[in-house]
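Read-outs throughout are calculated quantities, based only on the coordinates presented, and are distinct from any laboratory measurement. Quick caveat: nothing in here was measured; it's all calculated off a predicted structure. Counting neighbours? That spans all protein chains shown, and the Cβs are built from the backbone with ideal geometry, glycine included.
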Amino acid sequence: MAENKPKRIEDLRKKDDLLVVTGAGGFIAGSLVRYFHDKGFSRIRAVDKKSFDEWYQRTPGVESLRLDVSFRDNCVKACEGAAEVYNLAADMGGMGFIERFRVECLRSVLINTHMIEAAQKAGADRYFFSSSACAYNIDLQKDTRCLALKESDAYPANAERGYGWEKLFSEIVCQEYWAERGLKTAIARFHNVYGPNGTWDGGREKAPAALSRKVIEAKDNGSCAVEIWGDGTRTRSFMYIDDCLNGIDMIMHCDELVASPINLGSSELVSVNELLDIIEGIAGFKVKRSYDLSAPKGVGGRNSDNTMIKRILGWEPSTPLRAGMAKTYAWIAEQYALRKVGKKVVL
Ligand code: NAD
C-alpha cells in the first residue's frame, strides 16, 4: 500500500536542503554522497580528514571540506546550515585493524560526541549514526553456527573490545539527544559492507576485498597460493553497498525508528571458506589454500536478524552475495591492473 511505503529523502526534503556527510573520503560515506547527488540534491557538504587525493571518490559539484571532526570547532564548521547530518567518520578497518588499534577505535567517540552537539546546535532536523554489529554481546557469537543477532542482543552489554564499545556508547549518546533535546537520531548497526570503491589493500580491508585481491594476485603471479586468516570456518554475512545506501535512506527517514538501533545487514550467512569458493567461481580459478591460525579472526559467527527491519520497513538487504561479489571482484581486478602499470589507485 502506497501510504505504508517507507519514506525516502525526497519525500521529506527539498532538493536544495543542505546535507552534511562525514567520512566522505571513505567507502560508505563517499558512496552515500554520490547516491544523494544522483537523486538530484544540489547542496551536499562532504567532509573528511584525509587529503583530497586520498578520497576514494569525489562527486563533481559537491562541496568538499578537509576537516578533522574529532575537534569541536571543525564540527561546528561542518554542520553550519545543515538540514540533515550523516556521521560516518570513524577510524576503522577489518579485523586486522580493529584488533590491533583499539585506542584509535575508541577515540572515534570524540567524533560522534562533537558532531551530534554541533548538529543539534546548528538546528539540523535529523542525525544519522553508523553503528556496527561489533556492538553486540560477544558471548553470543562464539559458535560458527550462531543464531542471528536481534537488536536486543546488545544487552547485557559485552561489546567487542575498543571498536564495539565506542559504537555502543555513541548509540546511547544518540538516544539521549532525542530523549532530552528532541534531535531525531537514526542508528543503524551495519554488518560487513562490501562493494566497489572500498579499501582493498594496505591493512584496513575486510575479508571480501582481501580474499578477492589475494585470488587476483595468485592468478597473476602464478603461485595459486592464498593464505586465509583463521581456519576458514568462521561465519559472517556481507551486505552489498547499494543495499546499505538504500537502508540508510529509509532508516533515517522513518519516524518509528527514531533513536532505535536497528540491524542493517544481509542475512545470507557464509563461512570464510564458502566466501572463497564464491570468489574462485567468479575468477574461474582454483587456489591452494593455507590457514594462518595466529592471524586476527574475530568472533566465531555473526549474522543479522532482519525481523525488525522487515516488520518496520517491509524491506531487507537482498543482493545475493555472488552477484555483489562479481561486481566487487571486477572492480578490484581493474584497480590491481591499473596499479601494476603504475597508475595511481585508491586503496
Ligand atoms: P572508511 O574507513 O572507508 O571511511 C571512514 C572515513 O572516515 C575515512 O575516510 C576516514 O578518513 C574518515 N575519518 C576518520 N576519522 C575522521 C575524523 N576525525 N574526521 C574526519 N574524517 C575522519 O570506512 P567505511 O567502511 O566507509 O565505514 C563508514 C562507517 O560505517 C564507519 O563509522 C564505520 O565504523 C561504520 N561501519 C562500517 C562497516 C563496514 O563493513 N564497512 C561495518 C560496520 C560499521
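For the pair Leu106 and Ala157, a Förster radius of 22 Å applied to the C-beta separation gives a FRET efficiency near 0.90, rounded to the nearest 0.05. Annotation note: chymotrypsin sites (Phe, Trp or Tyr not before Pro) in segment 12-72 located in DSSP loop regions with a Cβ neighbour count of at most 16 within 10 Å are Phe71.
Computed over the alpha-carbon atoms, segment 210-293 gives an Rg to Rh ratio of 1.15, Rh here being the Kirkwood radius from the mean inverse distance. Put a dot 7 Å past the Cα of Thr233, heading toward its Cβ, do the same for Asp220, and the two dots end up 3.4 nm apart.
Okay, helix-only estimate at 222 nm for the chain: each DSSP H run of n ≥ 4 adds -39500 (n - 2.57), divide by all residues, round to 500 deg cm²/dmol; what do you get? Walk me through the intermediate numbers first.
On the way: 12 runs with 132 residues, N = 347.
Helix contribution divided over all residues of the chain: -11500 deg cm²/dmol.
With both labels modelled 7 Å from their Cα along Cα-to-Cβ, the Asp53 to Arg181 distance reads 3.8 nm. Taking a span of 27 Å or more along the helix axis (Cα atoms) and a mean Kyte-Doolittle hydropathy of at least -1.0 as the rule, the DSSP H helices of the chain that qualify are 321-340.
Among the trypsin sites (Lys or Arg not before Pro) found in segment 61-152, those both in a DSSP coil and sparsely packed, with 16 or fewer other Cβ atoms within 10 Å of their Cβ, are Arg100, Lys142, Arg145, Lys150.
Between their Cα atoms, which of Lys206/Lys327; Lys39/Lys206; Lys121/Lys150; Lys121/Lys206; Lys39/Lys184; Lys15/Lys50 are more than 25 Å away from each other?
The answer is Lys39/Lys206; Lys121/Lys150; Lys121/Lys206; Lys15/Lys50.
Subtracting the Cα-Cα distance of Asp11 and Leu338 from 0.36 nm times their residue separation leaves 113.6 nm of extension gain.
If R0 is taken as 35 Å, the Cβ-Cβ distance between Ile172 and Arg289 corresponds to a FRET efficiency of 0.25. Reported to the nearest whole Å, the Cα centre-to-centre distance from segment 239-287 to segment 194-209 is 14. Among the trypsin sites (Lys or Arg not before Pro) within segment 285-347, those in coil by DSSP and having at most 11 neighbouring Cβ atoms inside 10 Å are Lys343, Lys344. Relative to the compact-globule estimate of 2.2 N^0.38 Å, the Cα radius of gyration of the chain comes out at 0.96.
Computed from the Cα positions only, the extents of segment 293-337 along the three principal axes stand at 44, 31, 13 Å, in decreasing order.
Here the contact order of the chain, divided by its residue count and restricted to Cα pairs under 8 Å and six or more residues apart, works out to 19 percent.
Post the alpha-carbon centroid distance, segment 213-235 to segment 47-90, in whole angstrom. Comparing the Cα centres of segment 213-235 and segment 47-90, I get a distance of 36 Å.
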